[in-house]
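Asks: The structure that follows is given in the form of structure tokens.
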Amino acid sequence: RNLSPEEKAVVSTQSTGEYDQVIEVCTKGLDVGREQRADYKHVAKSLSRIGKAYLKKGDLDSAMTFYDKAICEHRDPAILKERSEVVKLIKEREDLAFIDPIKSTEEKNKGNEVFKQGKYADAIPFYTNAIKRNPQDHVPYSNRAACYTKLMEFGLAMEDCNKCIELNPTFIKGYLRKAALLKIDKPTEAKGVYEKALELDPNNMEAQQGYQHCANQMRNLSPEERAKSAMKDPEIQRILQDPAMQIILEQMQKDPTAAQEHLKNPQVAEKFQKLVQSGIVSIR
């Protein structure tokens, strides 16, 4: 079939990049189409082509304007999909424009002042703004976690602790706050987090006391309770799900003398010791 002037402009643009030509031809086509009361689907198509041309030029606001006009004519799924991409790009542009490390620090400092006054709920918006201003800064996540903990929003606090640790695995306060949340009802898991904190700073008093507190808690549990608690620990779960460790544990159960040979491997010995300490494995 013969191509319409609009289609010829689109094809031409693919090789020349002259998007203004597409906009001009499609705009003229729209004027003619409206005079002739063209089908609304064709009108929507022309409008979406103008929108796409603006998108290729990097003019997101104009692209959005014409995509909105297009879906007012006809909510074509293909046009809606293209429009959603423009929405995504505009959101990314706005987020990028909002990033400002200096203003992030200012928001964080405001949050700190409010936190010191005991107004934990009021401090949260400041830390949230600090995060938006600088998403790669781990400290506001740690500070907001402290607010959530004070407000007993433990799930939200844990999310922020995990994000803090993800952004900066050497920031000891992230581990300390996470362990403090876990030791309430998951002493085995908390003990493992305190161990990681002590790897970063063996002399940290809070980590030492927390580790000892969890160890005492575990000693006061019955063997069944200790094993049940340990099963909630992700590290214990990983060890038990390791196919190699499963084979080794099975061999040890069948032949106790095999344990001596396997424990010569430092990695196996370390994992086995964790299982013993947690109460998952007992030595007779």
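Asks: Carbon and sulfur atoms: what percent of the 1.4 Å accessible area of the chain do they account for? Intermediate values should be presented prior to the final figure.
Replies: On the way: 8970 of 17470 Å².
The C+S portion of the solvent-accessible surface of the chain is 51 percent.
Asks: How large is ³J(HN,Hα) for each residue in the range 125-141, as worked out from phi by the Karplus curve 6.51 cos²θ - 1.76 cosθ + 1.60 (θ = phi - 60°), to whole Hz, x for Gly and Pro?
Replies: x, 5, 5, 5, 5, 4, 5, 5, 6, 8, x, 8, 7, 7, 5, x, 5
Asks: Tilt of helix 154-167 relative to the longest C-alpha principal axis of the chain, in degrees (0 to 90, nearest 10)?
Replies: The helix 154-167 is inclined about 80 degrees to the chain.
Asks: Could I ask something else about it? For Lys116 and Gln208, compute 0.36 nm times the residue count separating them, minus their Cα-Cα distance, and round to one decimal in nm. Before the final figure, lay out the partial values.
Replies: Details: separation 92, 0.36 × 92 = 33.12 nm, distance 2.57 nm.
Full extension of this stretch gives 30.5 nm more.
Asks: So, one more: Cross-link list Lys91/Lys196; Lys91/Lys116; Lys91/Lys173; Lys88/Lys186; Lys119/Lys178; Lys91/Lys186: which exceed 29 angstrom alpha carbon to alpha carbon? Don't jump to the answer; show the numbers that get you there.
Replies: On the way: Lys91/Lys196 38 Å; Lys91/Lys116 34 Å; Lys91/Lys173 32 Å; Lys88/Lys186 40 Å; Lys119/Lys178 21 Å; Lys91/Lys186 40 Å.
Going by Cα-Cα distance, Lys91/Lys196; Lys91/Lys116; Lys91/Lys173; Lys88/Lys186; Lys91/Lys186 fall outside the 29 Å limit.
Asks: Related question: Can you run the Rg to Rh ratio on the chain? Use alpha carbon positions and the Kirkwood inverse-distance Rh. Working shown, then result.
Replies: Numbers: Rg = 30.5 Å, Rh = 24.4 Å.
Dividing the radius of gyration by the Kirkwood radius yields 1.25.
Asks: Working from Cα positions, state the angle (0 to 90°, nearest 10) between the long axis of helix 205-220 and the longest principal axis of the chain.
Replies: Roughly 60 degrees between the two axes.
Asks: Under a cut-off of 19 Å between alpha-carbon atoms, report the lysines in cross-link reach of Lys103, not counting same-chain residues fewer than 8 places apart.
Replies: Cross-link targets: Lys132.
Asks: Rounded to the nearest 10 degrees, what's the angle between the helix 40-57 long axis and the longest principal axis of the chain, both from Cα atoms, 0 to 90?
Replies: So the helix axis and the longest Cα principal axis differ by about 60 degrees.
Asks: Which value, in Å², gives the accessible area per residue of the chain when a 1.4 Å probe is used on the protein heavy atoms?
Replies: Details: 17470 Å² over 284 residues.
Accessible surface, normalised per residue, equals 62 Å².
The values are calculated or read from the model by the stated rules, or taken from the named source; none is laboratory data. Keep in mind the model is a prediction, meaning the values are calculated, not measured. Protein only, heavy atoms only, side chains kept; ligands, DNA and RNA dropped before computing areas. Shrake-Rupley method; radii C 1.70, N 1.55, O 1.52, S 1.80 Å.
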